[in-house]
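Below you'll find the structure, written out as structure tokens, and then a few comments.
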Amino acid sequence: MTDADRFEAFVRRYQDMVFATAVRLLGSPAEAEDVAQTVFLRAFQRFDTIGESPAAAGWLKTVTTNACLNHLSRYRARWRLFSELERTAPGNADADFGATLVSKSSPALEFQQADERHQLEQALAQLPDHQRVPLVLFHFEEISYQEIAQALGVSLGKVKTDIHRGREALKKHLLTSHGSR
Amino acid sequence: MDPADLEDIVDRQLKSLPFPRAPHTLLPRVLAAVDQWARRPWYSRAWFTWPFGWQVASLLVLALLVAGGAVLMPGAIAAAGGAASRLAPGAISEVADIASRVDAAINAGRVVWRALIEPLALYAFVLVALMGVACAAFGTALNRVAFDRT
């Protein structure tokens, strides 16, 4: 197997993971593809060391996360600025929100659930950067609040507030989609 | 709703999302980019990707330049001074004249500082520091009250 073949196999093995990390952080498939390309180019430059390494997946995740954060800080408005002046109005549907998400397993609902998942993906992608990025890092990458604060260069309190507001926004979406059944 | 419950529910919902798949265009794009990168001449790439021989050679040249500079610099300065005094003998006395004037101006400034400014400098510094602290406190209060930032 030539080096080119080995690298192609490497990209095939990890492309979904790199793309998934990038698209969740950036909320844009086109930008995620750009970042994924950059990440794999860096991987190629160090392919001798990471090609067969068991730490390759971790290395790719770290590089992808950092590349996305750089991309966001360079090409988009910083989440530091104008952190949201709007307040989310206290809803009155809190009490039965959990109950609405208990799905009854029924084949008839499968199509609708797939549609709801698609809508949830859309809702996540549409969150403002300063909410989506820490939310994704916490729930998908399983990084602690403290580490997220360090990575983003913001205070711990801001990270907690942004994640909470992101969850509230997703909750609203979930309530709407489940309530429309 | 309790924030912990909300966290659990959102976590469950997010983790139930299907894993995003890379588009079919990604692999050809990556391979094309890698191919283009590999075709670049070695000297236009990052230094750590240069051939080993060229890395060693470049380090040697750099070391020679530094050593040569260190050895030749004192001689070069002396030669330049000698050449200047030969080419423009009047320039040396002019420079000395300017230096004595600068020295007199510095002395005058020092006297003014000691007589007029130094007694008040401490009070002025304290005043500026207090104003800075007041501004910082006001900014923090405004952030917390008006913008709810921590």
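Annotations for the structure displayed:
- Solvent-free Debye scattering, log10 I(q)/I(0), computed from the Cα coordinates of the protein assembly as shown at q = 0.13, 0.14, 0.16 Å⁻¹: -1.05, -1.14, -1.34
- If you run the Gaussian network model on chain B, springs between alpha carbon atoms under 10 Å, then out of B:VAL34, B:VAL61, B:VAL71 the most flexible one is B:VAL34.
- The mean number of partner chain beta-carbon atoms within 10 angstrom of a residue's beta-carbon across peptide A:30-39 is 3.
- Set of lysines with alpha-carbon distance to B:LYS15 below 22 Å, sequence-local pairs under 8 removed: A:LYS61, A:LYS104, A:LYS160, A:LYS171, A:LYS172
- A simple count of charges around B:THR25, restricted to other residues whose Cβ falls under 13 Å of its Cβ and scoring Lys, Arg +1 and Asp, Glu -1, yields 0.
- All other residues whose Cβ lies under 15 angstrom from that of B:LYS15 are scored, Lys and Arg at +1 and Asp and Glu at -1, for a net of -3.
- Cβ-defined net charge surrounding A:GLY27, 9 Å radius [Lys, Arg +1; Asp, Glu -1]: 0
- The long axis of helix B:26-39 is offset from the longest Cα principal axis of chain B by roughly 30 degrees.
- Against chain B, whose longest principal axis is taken from its Cα atoms, helix B:89-112 shows a tilt of about 70°.
- Cα-based helix-to-principal-axis angle, B:52-87 vs chain B, degrees rounded to 10: 20
- Residues B:THR140, A:THR38, ranked from the fewest to the most other C-beta atoms within 10 Å, line up as B:THR140, A:THR38.
- Under the Debye formula (equal points on every Cα, no solvent term), log10 I(q)/I(0) of region B:90-150 at q = 0.21 Å⁻¹: -0.85
- Highest-first arrangement of B:23-32, B:112-121, where packing means the average Cβ count within 10 Å: B:23-32, B:112-121
The numbers here are math on the coordinates, done by the rules we state, and not lab data. A quick note: this is a predicted structure, and the numbers were derived from the prediction, not measured. Glycine also receives a Cβ, built like all others from the backbone with ideal geometry; neighbour counts cover every protein chain displayed.
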